[in-house]
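One structure below.
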Amino acid sequence: MLLLVGILIIAIFLRFYHFTATPPGLYPDEAIDGNNAAEVAATGHYQVFYTEDNGREGLYVNMIAAMFQFFHAPHEPWVVRLPAAVAGVLTVLGLYLLVAELFGSGTGLLAAFLLATSFWHINFSRIGFRAILAPLLLAWSLYLLIKAFRAASKRAAAWWYAAAAGIVYAAGFYTYIAYRITPLLFLLFIPFFRKHPGFWKRAVVFIVAAFIVAAPIGWYFLNHPADFFGRTSQIAVTNSGNPVGHFAANLAKTLLMFNVYGDGNWRHNYSGAPELFFPVGILFVIGIVLGCVWLRKYWRSSHSRKKSVLSENPPLFGLLLVFCWFILALLPAALSDEGIPHALRSILMLPPAIIFSALAGIWLYRLIKPYWGRTATAIIVALFLVSTAAFAYVDYFVKWAEDPNVSGAFNADYVTIGYEINALPASTPKYVVVEAGGVLTRGIPMPAETTIFITDTFLPAGQQAKNVHYLLPDQIGQIPPRAPIFFIQ
């Protein structure tokens with residue numbers, strides 16, 4: 001328990017240290033969530049789906065809206081990012097519980113530590129993108145459902161676990177497009193748990209709870225099918241002249257991003273760097289190989305006249321679950337055709353990749369300990385853990401955060417414009433000319449959303465109260481002489 005607490009402290013530190021300043025700026029895709037949330041807080045009209053910015057599932061926006069409505073949060077970038085940071089820490093805890101349930105507490109602790117110190121996960125835990133909620137809800141729902149099926153036949157807790165699993169799982173459909181592929185993962189439970197007492201009844205509780213919670217967004221998509229396919233259809237490989245070839249290339253690029261060349265977008269990654277810290281990346285490859293070897297042993301054992309329990313190997317259900325999770329999460333990234341490799345679109349691949357690394361780490365520990373002795377092995381383990389945590393800090397807070405490309409990637413100059421407008425008297429008419437192009441949001445290009453959020457001028461009432469006017473370049477002639485003008489370029 002103390003080790004888990006220590007890991008959670010590391011996770012909290014890496015997700016909240018310098019939280020109000022890092023990353024700098026506020027990307028317009030983050031800002032529109034804050035602007036929609038401010039409108040919800042003012043009107044009380046919570047939605048399951050928000051149509052601006054190519055459409056977004058509503059859970060993340062609604063969480064921010066609750067902070068505005070009930071806690072009167074300020075219009076600062078960190079407010080938009082706070083749900084992501086909390087979700088990041090809770091994902092570390094959820095992954096520990098899931099992996100400990102599947103493979104034992106030692107593997108669970110290592111998996112939690114590797115996720116807590118993952119640059120990939122730290123970064124998206126500090127950005128206001130809704131996708132960070134997807135691995136959180138999937139990990140917790142899998143853990144709760146396993147607990148439900150493994151509980152004794154007459155325990156009331158089993159029904160609560162099943163209901164909670166359904167609620168948590170269905171909440172994921174309000175998070176990110178890639179989550180829609182995950183129902184296939186739950187089919188794996190049938191062959192492994194169908195003979196457990198009460199399985200079908202608990203499965204029904206899970207399904208009913210999930211259906212009730214997911215029904216509102218399901219009903220919305222039935223009535224607005226274009227919103228269901230909108231962003232997916234825009235970036236699908238089927239739009240290319242050679243879908244099969246593009247899919248194969250995207251598949252290779254996505255798999256290579258773990259150890260060779262990662263996402264080149266400075267918002268998502270230290271541009272081009274592998275997504276995993278190199279010792280963890282090596283463990284990831286070893287884990288994949290070991291997993292295939294273990295599955296082969298199970299296959300040979302099942303076809304052998306002399307059955308063996310294979311007690312020295314990880315449980316078959318756990319191995320298959322991790323492999324299926326990884327493969328299913330790989331498909332949305334490979335089937336898209338924009339910015340590959342894409343760390344954000346691949347975020348659901350991170351937990352199974354971490355689990356593979358943890359399985360390999362425990363295997364290596366058990367392999368070298370008899371040969372190198374307890375002391376030498378402990379020193380090696382300590383060096384690995386300390387260096388992993390240290391590099392996580394340096395890579396994020398020193399190398400990445402201080403790189404000038406990062407402030408540009410998050411449009412820090414748009415935040416500065418917002419602060420400059422706020423510093424002027426409300427009685428002074430202020431004009432913001434939006435020269436940058438982008439998808440229109442209520443007649444104004446998306447890049448302006450950052451300044452709009454900082455100044456709290458998304459709604460007409462806010463614009464009138466702050467005396468802020470947003471214009472397109474062809475409307476510059478409307479600006480009176482000597483009025484303060486700000487350009488979003």
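Please treat every number below as a calculation from the coordinates, not as lab data. Given the structure is predicted, the values throughout are model-derived calculations rather than measurements. Cβ sites come from the backbone with ideal geometry, for glycine too, and all protein chains shown count toward neighbours.
Taken about its Cα centre, segment 409-488 carries a charge dipole of about 220 debye when Lys and Arg each add +1 at the Cβ and Asp and Glu each add -1 at the Cβ.
Could you compute the FRET efficiency for Y419 and L184, with r as their C-beta to C-beta distance and R0 at 56 Å, rounded to 0.05? Before the final figure, lay out the partial values.
Working: r = 47 Å, r/R0 = 0.84.
About 0.75, to the nearest 0.05.
Our note on the geometry: Cα centres of segment 1-41 and segment 360-413, 21 Å apart.
Which of the helices in the chain, when you take each full DSSP H run, stretch at least 24 Å along the axis at their Cα atoms and have an average Kyte-Doolittle score of 1.6 or higher? Membrane-span-like by this criterion, though nothing is claimed about a membrane: 77-103, 316-335. Computed extension gain for L320 through V293, at 0.36 nm per residue and net of the alpha carbon distance, reaches 8.5 nm.
About the centre of its Cα atoms, the chain shows a dipole size close to 2860 debye [charges on the beta carbon of Lys, Arg (+1) and Asp, Glu (-1) only; nearest 20 debye]. For segment 409-488, a/c is less than 1.5, where a ≥ b ≥ c are the root eigenvalues of the C-alpha gyration tensor. That puts it in the rounded class. For K147, a cut-off of 17 angstrom between C-alpha atoms picks up these aspartates and glutamates, skipping any fewer than 8 places away in its own chain: E101. At 222 nm, what value in deg cm²/dmol follows for the chain if DSSP H runs of at least 4 each add -39500 (n - 2.57) and the sum is divided by all its residues, to the nearest 500? Taking each H run of at least 4 residues, the total per residue is -20500 deg cm²/dmol. Under a cut-off of 17 Å between alpha-carbon atoms, report the aspartates and glutamates in cross-link reach of K369, not counting same-chain residues fewer than 8 places apart. Counting by Cα, and skipping residues close in sequence, K369 has these aspartates and glutamates nearby: E312.
Peptide packing: for 2-8, 22-28, the average count of neighbouring Cβ atoms within 10 Å per residue gives the ranking 22-28, 2-8, highest mean first.
Using packing as a proxy for protection, rank 373-379, 465-471, 482-488 so that the peptide with the highest average count of other Cβ atoms within 10 Å comes first.
Numbers: 373-379: 11.9, 465-471: 17.9, 482-488: 14.1.
With the highest mean Cβ count within 10 Å placed first, the list reads 465-471, 482-488, 373-379.
Which shape class, rounded, prolate or oblate, goes with segment 244-287 when its Cα gyration tensor gives a ≥ b ≥ c as root eigenvalues, a/c under 1.5 marks rounded, and past that a/b bigger than b/c marks prolate? Oblate, since a/c reaches 1.5 and b/c is not below a/b. With a Förster radius of 30 Å applied to the beta-carbon distance between E76 and W219, the computed FRET efficiency rounds to 0.30.
How would you classify segment 286-412 from its alpha-carbon gyration tensor, with a ≥ b ≥ c the square roots of the eigenvalues: rounded for a/c under 1.5, else prolate if a/b is greater than b/c, otherwise oblate?
Working: a/c = 4.61, a/b = 1.39, b/c = 3.32.
Verdict is oblate for segment 286-412.
FRET efficiency for W159 and F211, Cβ-Cβ distance as r, R0 = 25 Å, nearest 0.05? Result of the calculation: an efficiency of 0.95.
Counted by neighbouring Cβ atoms within 10 Å, the residues K430, K253, K399 run from fewest to most as K399, K253, K430. Between the listed residues N223, L367, A170, the Cα displaced farthest toward the positive end of the dipole of the chain, a dipole computed from Cβ unit charges relative to the Cα centre, is found at L367. The order of the peptides 55-61, 119-125 by mean Cβ neighbours within 10 Å, most packed first, is 119-125, 55-61. Between segment 111-190 and segment 433-489, the C-alpha centres lie 40 angstrom from each other.
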